[in-house]
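*Asks:* Sending over a structure as C-alpha cells; questions will come in a sec.
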Amino acid sequence: MSDERLAPGDPAPGFTLPDADGNQVSLSALRGQRVIIYFYPAAMTPGCTRQACDFRDSRDDLAGAGFTVLGISPDPPAKLARFRDKEGLDFPLLSDPGREVLTAYGAFGQKMMYGKPTVGVIRSTFVIGEDGKVEKAYYGVKATGHVARLRKDLGV
C-alpha cells in the first residue's frame, strides 16, 4: 500500500492486465495515444455502474478526440465480463486482483467511507499523454458527474 500520488509530468507506471475475456492489455501498446485510465472499487455496484455508463455514453466523443478509455478494478475477469455485457460497456475493463497497478497509481490505500477510515480502492482517474506521461491525475472523485468534469477539463 502506498500513499504516493502521481502528478502531471510523472511517467505513468506501465502494466499488463487481463481484460474481461482474459486477453492481456498493456499500457505500452497504447503509446502514441492519449489514454484515460479510471480506477473503480467494484463492478456492478450503483456508483461504479453510473460512472461506467457515463464513460460508455461519452465514448464516441472521447474516441473522436483521440482518447482510449480503460477501466481497472480488483474484480476477476468473469465478473468484469458480466458487468460489461449487462451494461453494454464498449471499452476494456481490466482485472487487477493483486492491486499492484492500483497501488502503483496511488489508487489503493486509506480513504474515508461513511465517516470512518478504511483501506480500499480510491476512485481515481488519470489522463496519460502520447508520451506515456501523466497529463492529469484526479483522486477521490465522485462517481456521479466526474465524466462531465473530465470532458470539460479536456475540452471534449
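Throughout, read-outs are computed from the coordinates displayed, never taken from laboratory work. What you see is a predicted model; the values in this text were computed from it and never measured. Cβ: placed from backbone, ideal geometry, glycine included. Neighbour counts: every protein chain shown.
*Asks:* Listed highest first by mean packing, meaning other Cβ atoms within 10 Å per residue, what order do 130-143, 67-80 come in?
*Replies:* Output ranking for 130-143, 67-80: 67-80, 130-143.
*Asks:* Also, quick follow-up: Give the long-range amide H neighbours of residue 20: residues separated by 5 or more places, or on another chain, with amide H under 5 Å away, using H modelled in the peptide plane at 1.01 Å from N.
*Replies:* 93
*Asks:* Straight-line reach from residue 136: which aspartates and glutamates have a Cα under 14 Å away, not including same-chain ones fewer than 8 places off?
*Replies:* Straight-line reach from residue 136, under 14 Å: 10, 153.
*Asks:* Determine ³J(HN,Hα), in whole Hz, for all residues of segment 135-152 in sequence, where each value follows from phi through the Karplus function 6.51 cos²θ - 1.76 cosθ + 1.60 and θ = phi - 60°; x replaces Gly and Pro.
*Replies:* Each residue of segment 135-152 in turn: 8, 9, 9, 10, 10, x, 6, 8, 5, 8, x, 5, 5, 4, 5, 4, 4, 5 Hz.
*Asks:* To check my understanding: the extent here is largest minus smallest coordinate of the Cα atoms along each principal axis. What are those three numbers for the chain, in Å, largest first?
*Replies:* Computed over the chain, the largest-to-smallest principal extents equal 40, 35, 30 Å.
*Asks:* Taking 22 Å as R0, compute the FRET efficiency from the Cβ-Cβ separation of residue 21 and residue 100 and round it to 0.05.
*Replies:* Efficiency, rounded to the nearest 0.05: 0.60.
*Asks:* Do the alpha carbons of any pairs in 79/142; 79/111; 86/133 sit beyond 27 Å of each other, and which pairs?
*Replies:* Cα-Cα > 27 Å for 86/133; rest within.
*Asks:* Where does each of 39, 91, 108 land when they are ranked from fewest to most other beta-carbon atoms within 10 angstrom?
*Replies:* 91, 108, 39
*Asks:* Please turn the phi angles of segment 26-43 into ³J(HN,Hα) values with the Karplus equation 6.51 cos²θ - 1.76 cosθ + 1.60 (θ = phi - 60°), one per residue in order, whole Hz, x for glycine and proline.
*Replies:* Once rounded to whole Hz, the list reads 10, 4, 4, 5, 9, 4, x, 10, 8, 10, 9, 10, 10, 9, 9, x, 7, 4.
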